[in-house]
1. Could you list, bin by bin from short to long, the percent of Cα-Cα pairs of segment 51-126 in 5 Å steps?
2. Just give me a number: lysine pairs in the chain, eight or more positions apart or cross-chain, with C-alpha atoms less than 30 Å apart.
3. Order 573-579, 61-67 from most to least packed using the mean count of other Cβ atoms within 10 Å.
4. Can you give me the Cα centroid spacing of segment 149-198 and segment 355-391 in angstrom?
5. So, for the chain, what is the accessible surface per residue at a probe of 1.4 Å, expressed in square angstrom?
6. Please work out whether segment 2-329 counts as rounded, prolate or oblate from its C-alpha gyration tensor, where a ≥ b ≥ c are the square roots of the eigenvalues and a/c under 1.5 means rounded, while otherwise a/b larger than b/c means prolate and anything else oblate?
7. Calculate one ³J(HN,Hα) per residue across segment 391-405 by plugging θ = phi - 60° into the Karplus curve 6.51 cos²θ - 1.76 cosθ + 1.60, and present them in order as whole Hz with x for glycine and proline.
8. Putting +1 on Lys and Arg Cβ atoms and -1 on Asp and Glu Cβ atoms, find which of Ala119, Thr98, His202 reaches farthest to the positive end of the dipole of segment 2-329.
Amino acid sequence: MRVDIIGGGPGGLLTAVLLRRLGVADDVRVFERHEADTTYGWGVVFPEGALDQLAKAAPDIHAAVVAAGTTWTHVDVRHQGFRRRVNGNRFHGIARATLLGILQRAAAEAGARLTFGHAVESLDAHEGADLIVGADGVRSVVREAHRDRFLPEVKESEFVYAWFGTERVFDDFTYVFRDTPWGIFRAYVYPSGQPWSSLIVHASPEAWEKSGLSGMDEAASARLCEQIFAQDLEGAPILSKGSPWMRFPHLSCATWHHDNIVLIGDAAHTAHWSIGSGTRLAVEDAIVLAGELATRQDTLTGALARFEEVRRPQVRKFQTAARRSERYFEKMPRYLNFEPDQFAYQLTARSWKITHSDIARRDPEFIARYDGWFHSRAAGTPVEVAPSPAFAPLRVGPLVLPNRIVSLTGARGAGLSLVTASDLHNLPAAPDGGNPAGLRVPVLDGPEEYSGLAERALAAGYAMVVMDLGHDTEAGLTALKGLRGHWPADRPVAVALPAPRATDDAGEALDAAELVELAGRLATAGSDALLVDGVPLADALRNEARITVLVDAASRSRDDVDTVVAAGWADACVLHPMAPKLVERESGVLEQED
Ligand SMILES: Cc1cc2nc3c(=O)[nH]c(=O)nc-3n(C[C@H](O)[C@H](O)[C@H](O)COP(=O)(O)OP(=O)(O)OC[C@H]3O[C@@H](n4cnc5c(N)ncnc54)[C@H](O)[C@@H]3O)c2cc1C
């Protein structure tokens, strides 16, 4: 079998190594447009676990990568004069050029033929190959030659970034946020086992324009960024080599294979660099592709189809997490008022792949301090032993809920039991669980509905009413004012917003800005809190409209609730009806049943 691999990045080179080692192809050729010792970018980071598949598929390469890079276990966050360290986050960093050198040697030793300085412009010269692997990165010539089959979709980020180096050697991953007269500039700095660190500068289009960076060449850009981050770089210079300002291309394709052509790595899909996963995905693509070709040597199409079937869901997971992470950095001005620990916590949890219990395992001291701070702030008094954030009290207008768990099934121990009224004239009695109960009512039509309702809800024992707003906002506002006029001032009213009609690929409502404005009007009209669907909308409303938000995000565990409330995305969570029950332990602490 003859395999032509276009592109000698991590994906293409590892494919060459494995195809030869597994005996899949006797002739493997790699075509790389750069010379062997030239590449773009600086260093890449592998979070814990990212190299596990490589360790199994090619232990020698894994060992060489580990030996040639550097490993660290903490992340630093610098923002507005504070510095916070979160421990237990294991990362491995390596220079991209070093990684490629290791892979080039392994490919050559395995018997692959490598041609450098050869830019493939068309696939004509490769027609004789049994398999063509498009490993030629995000601007793939292979993909574009069959655009009509692969159907690529590219969405560019609005934010811009430039990938620099710096002579200051950092000892861990450091996130820096610098407030400037032009806006906030973000820098992500990490070591690579070299006498330099990688430095990615990230900015909103407005800050980029206002600062003048948009009109500067690379050298001038580097000088201005040196000034912006002078304190963090301790005066060390910024290094540039082909570090233009770019907008990240979010790429996905309808299919990754067609006839005898397959796309891998960045040629097939991208995931924003802020979770450091693109190289990992390319490496894992190579491993699965080679493995499928080795086990299904009889049918090429079957092997390619199976490769895509295995990899697509994995890649999708990372793309979603990466999009959330990117969104976090874009929206971080929302969180400027967060306390330092909460700011660092939220940054750590930003992609939703790391939960409260994960952070607690990684850095028990940080979480003990954090839980204490969270609980003390919520209780308004210092607390010596704090349960996790889900069990911190929450003030909703005039009412204090004992914890942040909202139950739809009347679970004893929930901070709020929420009961939906199907008949406004015949209300169910509030659950007798000892904790406050809220009554959720549909869109109210007029005075005859809300005046009597308030009386009946009080008589039935409810401490709070949650009113559906419906799609007619003005009618909803009128009903809210009417209800507020009849409902006692010492009991809260909350408004449930309809589920967002459309969301973007990070799950945020497309009309989030309008909803933030609406939240302000609802608060003025007497709403003490909002009940919304989904964490992205809850986050936007809580942190932009600054209103108390209860979120229905299908939380299934205490850990889910802990993470959402601790990260400040919402104030309380509706527990999924199928979630395990809450039980009170002998110590008095509430837990979920196993
Ligand atoms: C700022 C930034 C930071 C990043 N940080 C990380 C990180 O920390 N961790 C991580 O895992 N990932 C990171 N990534 C992502 C990572 O760089 C890519 O996802 C990864 O390199 C993809 O590997 P690949 O082999 O698919 O493609 P590439 O590495 O892009 O390799 C493609 C190769 O094909 C060659 N080529 C292109 N066209 C042709 C042609 N026509 N003919 C011949 N050769 C061609 C190119 O020269 C290149 O060598 C980062 C990306 C960016 C932009």
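1. 3, 11, 15, 17, 13, 12, 10, 7, 6, 4, 2, 0
2. 15
3. Output ranking for 573-579, 61-67: 573-579, 61-67.
4. So the separation of the two Cα centres works out to 31 Å.
5. Per-residue value: 41 Å².
6. Prolate, since a/c reaches 1.5 and a/b exceeds b/c.
7. Along segment 391-405, the couplings run 9, 8, x, 9, 8, 10, x, x, 9, 9, 7, x, 7, 9, 9 Hz.
8. Checking the options against the dipole of segment 2-329, the answer is His202.
The values are calculated or read from the model by the stated rules, or taken from the named source; none is laboratory data. From a predicted model like this one, the values you see are computed outputs, not experimental measurements. Note that each Cβ is placed from the backbone with ideal geometry, even for glycine, and that neighbours are counted across all protein chains shown. The area values use the complete protein model at the heavy-atom level, side chains included, leaving out ligands, DNA and RNA. Shrake-Rupley method; radii C 1.70, N 1.55, O 1.52, S 1.80 Å.
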